[in-house]
1. Tally the residues that are at pLDDT 95 or above, in contact with an Asp or Glu (Cβ under 9 Å, 6 or more places away or on another chain) and small (Gly, Ala, Ser), restricting the search to segment 129-149.
2. Can you name the condition, by its number, that GLU35 falls short on among (1) closer than 18 Å to ARG6 by Cβ; (2) crowded, with 22+ Cβ neighbours inside 10 Å?
3. Which of the residues that make up segment 1-47 are within 22 Å of VAL61 (Cα to Cα) and touching a helix residue (DSSP H, G or I) at 6+ places or on another chain (Cβ under 7 Å)?
4. Quick one: is THR114 touching a residue at least 40 places away in the same chain (Cβ under 8 Å), touching a His at 6+ places or on another chain (Cβ under 9 Å) and more than 13 Å from GLU17 (Cα to Cα)?
5. So, of the residues in segment 79-88 that are surrounded by fewer than 23 Cβ atoms within 10 Å (Cβ to Cβ) and closer than 18 Å to ARG29 by Cα, which turns out to be farthest from the chain's Cα centre (by Cα)?
6. Quick one: which residue in PHE38, PHE74, PHE51 is of a type in the set (Phe, Trp, Tyr) and out of contact with any Ser or Thr (no Cβ under 9 Å at 6 or more places or on another chain)?
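The values are calculated or read from the model by the stated rules, or taken from the named source; none is laboratory data. Every value quoted in this text rests on a predicted model; they were computed, and no experiment measured them. Here the Cβ positions follow ideal geometry from the backbone for every residue, glycine too, while neighbour counts run over all protein chains shown.
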Amino acid sequence: MSSKMRLTLETGDVVIEMMEDKAPAHVARIKELAEDGFYDGLVLHRVIDGFMAQMGCPDGVGTGGSGKKLKAEFNDVSHQRGVCSMARAQDPNSGDSQFFICFDDASFLDGQYTAWGRVVEGMENVDAVERGEPPANPTKIVSFRAEAT
């Protein structure tokens, strides 16, 4: 049984199917942060065309987090279009609140980053976000919540 989350961006809604079986601790933490409203109003601070859109930094620059590091849960999910995965620093166990959604094949990340979800609806709304590192006019997260079942 997989659950779904609704990520509402300024560009529209994105439904993400969570992969509890592949990354249970990461899914639990993302759900917890989302339900607390942590992601609401944050910007997509690093968006690289053909690669990925990164979000989840409370400082809006890619250096911040929630303050709770997660042990890596590397798995067999390939980083393909629509896959959601945790951002991290050099330390593999440094994932926190930041994550990214792949625009295209990023399989060179496989086994090095924790994939925890997959976009099942609304990828066109991810495609529509402002590009840049950081974007001049960054797209914001309106809300991120569990989907009603």
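1. Going through segment 129-149 one residue at a time, the tally reaches 2.
2. It fails just one condition, (2).
3. Answer for segment 1-47, where residues must be within 22 Å of VAL61 (Cα to Cα) and touching a helix residue (DSSP H, G or I) at 6+ places or on another chain (Cβ under 7 Å): LEU9, THR11, TYR39.
4. So THR114 fits the description; yes.
5. If we take residues in segment 79-88 being surrounded by fewer than 23 Cβ atoms within 10 Å (Cβ to Cβ) and closer than 18 Å to ARG29 by Cα, then ARG88 is farthest from the chain's Cα centre (by Cα).
6. Of PHE38, PHE74, PHE51, the one residue that is of a type in the set (Phe, Trp, Tyr) and out of contact with any Ser or Thr (no Cβ under 9 Å at 6 or more places or on another chain) is PHE51.
Residues checked against (1) closer than 17 Å to ARG29 by Cα; (2) surrounded by 18 or more Cβ atoms within 10 Å (Cβ to Cβ):
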{"position": "ILE48", "(1), (2)": "no, no"}
{"position": "CYS57", "(1), (2)": "yes, yes"}
{"position": "GLY67", "(1), (2)": "yes, no"}
{"position": "GLY95", "(1), (2)": "yes, yes"}
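Residue-wise test of (1) hydrophobic (A, V, I, L, M, F, W, C); (2) farther than 21 Å from SER3 by Cα.
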{"residue": "ILE101", "(1), (2)": "yes, no"}
{"residue": "ALA128", "(1), (2)": "yes, yes"}
{"residue": "GLY132", "(1), (2)": "no, yes"}
{"residue": "GLU147", "(1), (2)": "no, no"}
